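This report concerns only the one structure given below.
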Amino acid sequence: MAARQALTQDDLCRLVCSYQAGVFFDVRPRFCAYHNSVLYEAAADEDEEAEYVVDDGFATSAKHLVRDVSGQDSIASSDLGLAVDEGPDDRFPLHLAIAEGAQSDALRILACRPDLASEEAIDVAILHNHIPLAQCLIDVKMQWPGLACRRFPRGWSHLEKVGRSLIYSVVARDSPEAFDFLVAYQGTLKWPDDLLNHAIRYSAPVLAAILYASDPGLADDRTFDAAAAKGYLSLVQQLHAAGVACSTKAMDEAAKHGFLDVVRFLHEHRTEGCTDAALRGASEAGHLDVVRFLVDFRAEGDLSAAFVAAAKAGHLHVVEYLGGVRDGCVHLKTTRETRFGLVADVLATGGFDVLLYLSQYDRIYHLPRDCDDITALLQSKDPIAAVRYIVERGVQWRAAWMDKACGMGHWDLVQFFHTYSPAKCTADALQKAVASGDLDIAAFLMDHCDRDGSADAFTKAIETDNARMLECLWDRYPKYRGEHLLQAAHRSGREACMAFLRQRYDDDTSDKEPV
């Protein structure tokens, strides 16, 4: 009786329960989710880390942590500061709460499960830029001494993002606030030698500038080239003033990525120059302002190679500019094989605008007569005009073109090929239309192009579990009916097709005999 009276008093019951082993009721869902909806998957080799595979219904506010790995939603162990290859880590619920910034839940978990406390918990808060939470955890170290102890030694794995690797993780995010907090917390007196290059490589210009200002000795023979490639003009200017060396790669990479201000500075203040990769890279990337500058002020670079690179990439504005340079004779400097290859490559990449430009020189740029694969051209802005263009210039119609259009679900293109192409299509057209799920195109093919059908079309309908498509095929091609279809649907777990086939077999037992 006394026990009942005590346990029915809410405050007293909470006090009694707080001394018992287990977890508090308010954080229990986090532990239930971990045990019921999370599966540990060990690393396949030493260059990979363990993953925590989560069910579809698993909920977390830190959605950026959930990534698709081989078709499964997973959270990387390193993102939670957990062991990367030592088996399931029971700190998952605590560290996920910290990664979410859920301070109240994190403290409640520590209160009922102090055995989960570790210094990695503080690292996780810093890793995910939850600085107030990190400070809170530091402040309660006396209450939960485990927060002052590491579960694993610093730097025990090259895959981790906490411990010795935490400073690299913070720098990669380019967060000065988190960086300053971490430096004060760890009492860092000297940066790792490669930290500046790491900041540049991971596009962290703010911290790169801070690091160089605090320790110019971090710059080495790779730093200048890397800063130029990222377009960090201010840092490039500082490195130049300090006498740091660079190579031709600096201007090559700056040009390739379109950083005209860096290219101009290097041209005016450095003597290393560049290689033909600068003009070719800028042309291929479509940076016309950089291309103009290099053509006007630099002697390096093969204009013909740049013209070809721009054409293959579909950058018409660069092609037109280079085509007009030096009396418009750039195109004449290529060989017959190069010109033919250029047209074939442009055709394959779908650069219809570039093809129209090249048509000014039809006597020079010949299209190949046989061309099965024009996938990219069919995906261009105006595929019908593109097909008309190549056919008018002698390219032969191919049945594979209409097959591809059917697979793309492009109704207008299918109609165009049916009307004008003497090659029409093959039996693959229906299969591709079925696989794409386009019932209108599939029905059109059944009516006008493929009166015989194919067993493969039925298979495709079942593979995609498209019961409507299967019904259309069933009614049109009775000779391919058979119980084997139901068996195939059953083996692959295609519920919609299974339901349709069961109904048909129940309605008409004459169709049960396999063909």
Notebook entry, point to check: Out of (1) touching a helix residue (DSSP H, G or I) at 6+ places or on another chain (Cβ under 9 Å); (2) exposed (fewer than 15 other Cβ atoms within 10 Å of the Cβ); (3) under 19 Å from Ile75 (Cα atoms), the odd one out for Lys161 is which?
Noted result: (2)
Notebook entry, point to check: What number of residues within region 257-282 satisfy the criterion of being touching a Gly at 6+ places or on another chain (Cβ under 9 Å) and of a type outside the set (Lys, Arg)?
Noted result: 14
Checklist line | Hits in region 472-488 (condition: among the hydrophobic types (A, V, I, L, M, F, W, C) and touching a residue at least 24 places away in the same chain (Cβ under 8 Å)) | finding: Cys472, Leu473, Trp474, Leu485, Ala488
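Mind checking which residues of region 386-404 are of a type outside the set (Phe, Trp, Tyr) and closer than 21 Å to Leu356 by Cβ?
First, pick out the residues of region 386-404 that are of a type outside the set (Phe, Trp, Tyr): 386-388, 390-396, 398-400, 402-404.
Those that are of a type outside the set (Phe, Trp, Tyr) and closer than 21 Å to Leu356 by Cβ: Ala386, Val387, Arg388, Ile390, Val391, Glu392, Arg393, Gly394, Val395, Gln396.
Which is assigned to a helix (DSSP H, G or I), loosely packed, with under 15 Cβ neighbours inside 10 Å and either more than 29 Å from the chain's Cα centre (by Cα) or at positive phi (or both), of Asp105, Asp115?
Details: Asp105 fails: loosely packed, with under 15 Cβ neighbours inside 10 Å.
Of Asp105, Asp115, the one residue that is assigned to a helix (DSSP H, G or I), loosely packed, with under 15 Cβ neighbours inside 10 Å and either more than 29 Å from the chain's Cα centre (by Cα) or at positive phi (or both) is Asp115.
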Item checked: Selection within region 60-93 - modelled with pLDDT under 90, in a loop (DSSP other than H, G, I, E, B) and not β-branched (Val, Ile, Thr) -> Ser70, Gly71, Ala83, Asp85, Glu86, Gly87
Next item on the list: Take Glu253 and decide whether it is surrounded by 19 or more Cβ atoms within 10 Å (Cβ to Cβ) and either charged (D, E, K, R) or not in a helix (DSSP H, G or I) (or both).
Entry: yes
Checklist line | Extreme residue, farthest from Cys149 (Cα to Cα), among residues of region 118-136 that are in a helix (DSSP H, G or I) and not hydrophobic (A, V, I, L, M, F, W, C) | finding: Pro132
Note to self: So Cys246 ticks every box in (1) under 14 Å from Ala278 (Cβ atoms); (2) not in a loop (DSSP other than H, G, I, E, B) but one. Which box is left unticked?
What the structure shows: (2)
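Among the small types (Gly, Ala, Ser), more than 30 Å from His315 (Cα to Cα), in a helix (DSSP H, G or I) and not assigned by TED's automatic domain parsing to the domain that holds Asp174, is that true of Ala229?
Considered against the rule, which asks whether it is among the small types (Gly, Ala, Ser), more than 30 Å from His315 (Cα to Cα), in a helix (DSSP H, G or I) and not assigned by TED's automatic domain parsing to the domain that holds Asp174, Ala229 comes out as no.
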Note to self: Among the residues that make up region 9-30, is at least one of them loosely packed, with under 13 Cβ neighbours inside 10 Å, modelled with pLDDT under 80 and under 26 Å from the mean Cα position of the chain (by Cα)?
What the structure shows: no
Checklist line | helices (runs of 4 or more DSSP H) fully within region 441-504 counting 3 or more residues that are more than 28 Å from Ala399 (Cα to Cα) | finding: 483-492
Margin query: On the basis of being in a helix (DSSP H, G or I), among the small types (Gly, Ala, Ser) and over 29 Å from the mean Cα position of the chain (by Cα), does Ala97 make the cut?
Written below: no
Note to self: Return the residues of region 260-289 that are out of contact with any His (no Cβ under 9 Å at 6 or more places or on another chain) and either surrounded by 24 or more Cβ atoms within 10 Å (Cβ to Cβ) or outside any loop (DSSP other than H, G, I, E, B) (or both); say none if nothing qualifies.
What the structure shows: Asp261, Val262, Val263, Arg264, His267, Glu268, Asp276, Ala277, Ala278, Leu279, Arg280, Asp289
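The values are calculated or read from the model by the stated rules, or taken from the named source; none is laboratory data. Bear in mind the structure is a predicted one, so any value in this text is a computation, not a measurement. Reconstructed Cβ throughout: ideal geometry from the backbone, glycine too, with neighbour counts over all protein chains shown.
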